[in-house]
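Take a look at the structure below.
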Amino acid sequence: MWSAGTTYGTPPLRLSLQGARHHLETFTTALLTASSTQRDQIYRSLLKVIVHKSVPNRPGRAEPRVRKRRFQAYPLMKKPRRELRRQLQTA
C-alpha cells in the first residue's frame, strides 16, 4: 500500500486495507506463476489497482482499542467461589 500510494501520488493512509488485501489475494497466483519480467508488469498493475481503492477523508475518526465485555447467558460472579459452591450443594 505504501509503494502504491507513493508511486502514484495517493496518500497511503487513504488507501483501503481490505481492498488492497483482496487485490493481493487475486494477483497472488499470477505473481507466483509469472516469469521475472512478467512479475514486474503484474506488480505495477497491482499497484495501480490498489490506488483506485481509496477511502474518503474522515477527520476525527479514532477508534479506541479496548475489549468489550461479551454478553453471556450466565450472571456475573458477585460472591466468592466457595460461597457459590455451598449454595449449589445445598440447593
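The values are calculated or read from the model by the stated rules, or taken from the named source; none is laboratory data. From a predicted model like this one, the values you see are computed outputs, not experimental measurements. Methodologically, a virtual Cβ is constructed for each residue, glycine included, from the backbone with ideal geometry; neighbour enumeration extends over all protein chains shown.
With the requirement that a residue be β-branched (Val, Ile, Thr) and assigned to a loop (DSSP other than H, G, I, E, B), what does segment 40-60 give you? Talk me through it step by step, then tell me what you get.
Of segment 40-60, the ones β-branched (Val, Ile, Thr) are 42, 49-51, 55.
Scanning segment 40-60 gives a single hit, VAL55.
Report, by residue number, each residue of segment 48-72 that is among the small types (Gly, Ala, Ser) and at pLDDT 80 or above. Walk me through it before giving the result.
Restricting attention to segment 48-72, the residues satisfying the condition of being among the small types (Gly, Ala, Ser) are 54, 60, 62.
Answer for segment 48-72, where residues must be among the small types (Gly, Ala, Ser) and at pLDDT 80 or above: just SER54.
When segment 1-33 is examined, which residues are found to be farther than 14 Å from SER54 by Cβ and of a type in the set (Gly, Ala, Ser)?
Result: SER3, ALA30.
Being out of contact with any Lys or Arg (no Cβ under 9 Å at 6 or more places or on another chain), surrounded by fewer than 11 Cβ atoms within 10 Å (Cβ to Cβ) and on the phi < 0 side of the Ramachandran plot narrows it down to one of ARG58, ARG39, so name that one. Full working, then the answer.
Details: ARG39 fails: surrounded by fewer than 11 Cβ atoms within 10 Å (Cβ to Cβ).
Only one candidate qualifies: ARG58.
Exactly one of (1) surrounded by 10 or more Cβ atoms within 10 Å (Cβ to Cβ); (2) of a type in the set (Ser, Thr, Tyr); (3) not in a helix (DSSP H, G or I) is unmet by TYR74. Its number?
(1)
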